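Working notes, structure below.
The values are calculated or read from the model by the stated rules, or taken from the named source; none is laboratory data. Every value quoted in this text rests on a predicted model; they were computed, and no experiment measured them. Here the Cβ is made from the backbone with ideal geometry for all residues, glycine too, and neighbour counts use every protein chain on show. What goes into the accessible areas is simple: the full protein's heavy atoms, side chains included, and nothing from ligands, DNA or RNA. Shrake-Rupley method; radii C 1.70, N 1.55, O 1.52, S 1.80 Å.
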Amino acid sequence: MKYNIIIIGDVMNDNKLPIHVGIIMDGNGRWAQKRGFSRSVGHKMGAKNLKKLLKHIYKRNIKIVSIYAFSTENFKRDKNEVEYLMDLSIKFFTNELKTFMKENIKVLFSGRKDNLRVDVINAMNELEENTKNNNNGILNICFNYGGRLEIIDAIKKIASKINNNDITFDDITEDLVSENMYQTLPPLDFVIRTSGELRTSNFMIWESSYAEYYFPNTLFPDFDTKEFDKAIEEFQKRNRRFGGITNEDKSV
Ligand code: FPP
């Protein structure tokens with residue numbers, strides 16, 4: 001499968017670093033409530049933490065990061081919280097442009113844009129457009145995103161190609177499905193969900209089929225660079241077999 005990305009540098013790293021890391025940034029609300037603040041304060045602190053974390057991650061030569069910033073299900077939240085998250089997102093997309101340019105990071109969005117506010121869509125489009133030629137790393141922001149919806153959207157694209165006689169039924173393979181997802185990025189190697197919840201909540205379910213998972217109890221605003229390094233150490237200890245066996249196992 002050909003991935004539609006160009007990245008400078010060595011992505012086949014010898015230090016067993018993941019190429020593609022996913023982060024489910026959970027626990028902002030609880031972080032704030034524990035301190036007697038409104039949930040919005042937790043989201044603000046989450047965004048602040050995200051900035052520091054991303055800088056650190058790319059510095060560590062991890063090239064692709066996918067973050068779960070807003071799920072399609074998050075629209076079920078209180079209207080004020082949703083509006084706050086939309087405003088905070090616009091600020092993040094606008095204010096961080098200079099950082100992404102400086103660090104040479106290309107920003108992509110995964111998810112449906114159709115029922116978002118126009119000002120949010122404009123900020124997303126602008127960030128994508130302005131960073132499209134950057135090539136030191138990728139930030140894939142899952143926004144108004146649902147994993148099952150992504151698969152449905154891929155099925156629709158494939159069905160329409162069959163309908164137009166561009167491909168036939170027999171052309172449907174795992175690679176073809178991957179090529180019709182929102183992004184053609186390499187699969188996720190490592191998924192971190194903060195806050196102790198042991199769920200994946202519809203996050204990149206196709207792309208994470210062989211990912212290693214890590215569930216620290218730390219709430220996202222407190223998940224700092226040290227916690228991230230600890231997570232990577234844990235990843236490096238994992239024995240990834242992808243359904244097969246390794247040389248170490250053969251002697252057992
Ligand atoms: C989940 O925590 C977090 C979210 C729904 C929002 C994540 C957003 C940020 C970290 C801000 C950065 C935003 C962008 C767009 C990059 P929660 O509210 O479900 O926490 P809880 O489980 O403690 O209630």
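In plain terms, the chain from residue 199 to residue 172 could stretch by 6.8 nm, reckoned as 0.36 nm per residue minus the Cα-Cα distance. Computed over region 179-249, the range of Cα coordinates on each principal axis works out to 36, 35, 20 Å, biggest value leading. Taking every DSSP helix (H) stretch of at least 4 residues in the chain, weighting each as -39,500 (n - 2.57) and dividing the sum by the residue count yields a mean residue ellipticity at 222 nm of -12500 deg cm²/dmol. Protein heavy-atom surface of region 121-204, 1.4 angstrom probe: 47% of the accessible area is carbon and sulfur, with nucleic acids and ligands not counted.
Taking amide H as placed 1.01 Å from N in the peptide plane, the amide H of residue 20 sits under 5 Å from that of 189, 190, each at least 5 places away or on another chain.
I need the semi-axes of the equivalent ellipsoid of the chain: take the C-alpha gyration tensor, multiply each eigenvalue by 5, square-root it, list largest first in whole angstrom.
Working: eigenvalues 155, 124, 70 Å².
Each semi-axis is √(5λ); the values are 28, 25, 19 Å.
The three principal axes of the C-alpha atoms in region 82-161 carry coordinate ranges of 40, 32, 17 Å, sorted with the longest axis first. Using a Gaussian network model of the chain in which every pair of alpha carbons under 10 angstrom is joined by a spring, one finds that among 97, 54, 116 the greatest mean-square fluctuation is at 116.
Test of understanding: what is the full-extension gain from residue 184 to residue 126, defined as 0.36 nm times their sequence separation minus their Cα-Cα distance? Can you show the working numbers first?
Working: separation 58, 0.36 × 58 = 20.88 nm, distance 2.06 nm.
Full extension from residue 184 to residue 126 adds 18.8 nm.
Take each uninterrupted DSSP H stretch in the chain, measure its Cα extent along the helix axis, and return the ones at 15 Å or beyond whose mean Kyte-Doolittle hydropathy is at least -0.5.
Working: long enough: 39-59 (30 Å, -0.80); 79-95 (24 Å, -0.25); 118-130 (18 Å, -0.32); 147-163 (24 Å, 0.12); 225-237 (18 Å, -1.38).
Length and hydropathy pass: 79-95, 118-130, 147-163.
Positive-end ranking of 125, 40, 86 along the dipole of the chain, with charges on Cβ about the Cα centre, is headed by 40.
With distances taken between every two different alpha-carbon atoms, region 22-102 has a Kirkwood hydrodynamic radius of 13.7 Å. Using a Förster radius of 25 Å, what is the FRET efficiency between residue 225 and residue 91 based on their Cβ-Cβ separation? Nearest 0.05, please. Once rounded, the FRET efficiency stands at 0.65.
Model label sites at residue 101 and residue 133, defined 7 Å from Cα along the beta-carbon direction, differ in position by 1.2 nm.
With R₀ fixed at 41 Å, the C-beta to C-beta distance from residue 160 to residue 33 puts the FRET efficiency at about 0.35.
Of the listed residues 45, 181, the order by accessible area with a 1.4 Å probe, largest first, is 45, 181.
Given a 1.4 Å probe, how much area per residue of region 1-158 is accessible, in Å²?
Numbers: 8080 Å² over 158 residues.
Solvent-accessible surface per residue comes out at 51 Å².
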